[in-house]
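The values are calculated or read from the model by the stated rules, or taken from the named source; none is laboratory data. Just so we're clear, the structure is a prediction, and the values are computed from it rather than from any experiment. Heads up, the Cβs are rebuilt from the backbone with ideal geometry, glycines too, and the neighbour counts pull from every protein chain shown.
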Amino acid sequence: MNENSAGVSVIGLGPMGRAMAAVYLDAGHRVTVWNRSAGKDGELLARGAHRAATAAEAVAASDLTLVSLIDAGALRTALGDADLTGRVLVNLSSDVPGQARAVAAWAAERGASYLTGGVNTDPDGLGKPESSIFVSGPEEVYEAHRPVLDLLAATDYRGADPGLAQVYYQLNMVLFWTAMTGFYQAVAVAQANGLTAADILPYARYTADSMGLFYAGAAPAIDADVHEGLAERLAMCAASVEHVLHTAADAGVDTGILQAHADLYRRGVEAGFGADSSSRLIGLLRAGAPAAPGAGR
């Protein structure tokens, strides 16, 4: 440890938590770790980390505690009997924005300062300059601990609302998971036609890379609420989605996800937007649907 090292505690030693602790050990910080189940801290202990017997003990060991657990409920369970007075909690667990706000209030009632974070990389990306973390919560708390947090990844402060970091993070996850599911769907159709994932990978990468151009082109018009079907028309897009759906159906693979897409585009046409841009679908999506299971917990 260097002479200016500060103590950092890490609660939760899944792949992300272990990577966080490793970054701080590399930087010469005194690191205390805790995990509910045993056996995940061996390598960290061998490198000089300290094992806390309880989560409460881990919080007591450092002014700054990073939490990497499955969700907000797990955080409350782990820290239920901890003295949080004067401590700083940075919750880097994934959860819904409303839960981030609820935990921030819970932490404040117990005397802690609280920041929410959304980590925009996998564990291997931590400690690398190209990686980033959304952060929100009290600005003075963020600024006081920014140098330590920036060791993990470049922090992108999104404001005082503790839910905003999770809003931005989950928006990225909307894009990520729908893209990954789309890739799996394409692979299933490819395999049904005698192709492999490797066969279609160059084309999948090209499509993924080109999406940024579509987003950049559409965003200004969307924000201006202009949906003229100049470059593309919703009716044309709906026909294309139908072709995708029937290609999958003819291949004998599951079409549930594609059916949902086709239904959305049909609704847009039936609502009278066939000559407009497909961005009209945003209005249909915002009009609402039954809440997802667990939403607003």
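Okay, here's what the table says:
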item: Checklist (1) modelled with pLDDT under 95; (2) part of a loop (DSSP other than H, G, I, E, B) applied to residue 73, failing item; result: (2)
item: Pair list, Cβ < 7 Å and 6+ apart or interchain, from segment 132-148 residues that are within 15 Å of residue 6 (Cβ to Cβ) to residues that are modelled with pLDDT under 95; result: 148/6
item: Enumeration of residues in segment 34-66 that are under 13 Å from residue 78 (Cα atoms) and either among the aliphatic types (A, V, I, L, M) or in contact (Cβ under 8 Å) with a residue 60 or more places away in the chain (or both); result: 52, 53, 55, 56, 58, 59, 66
item: Considering residues of segment 50-70 that are assigned to a loop (DSSP other than H, G, I, E, B) and touching a helix residue (DSSP H, G or I) at 6+ places or on another chain (Cβ under 7 Å) only, the residue farthest from residue 141 (Cα to Cα); result: 52
item: Count - residues of segment 46-86 that are in contact with a strand residue (DSSP E or B) (Cβ under 8 Å, 6 or more places away or on another chain), of a type in the set (A, V, I, L, M) and farther than 11 Å from residue 32 by Cβ; result: 6
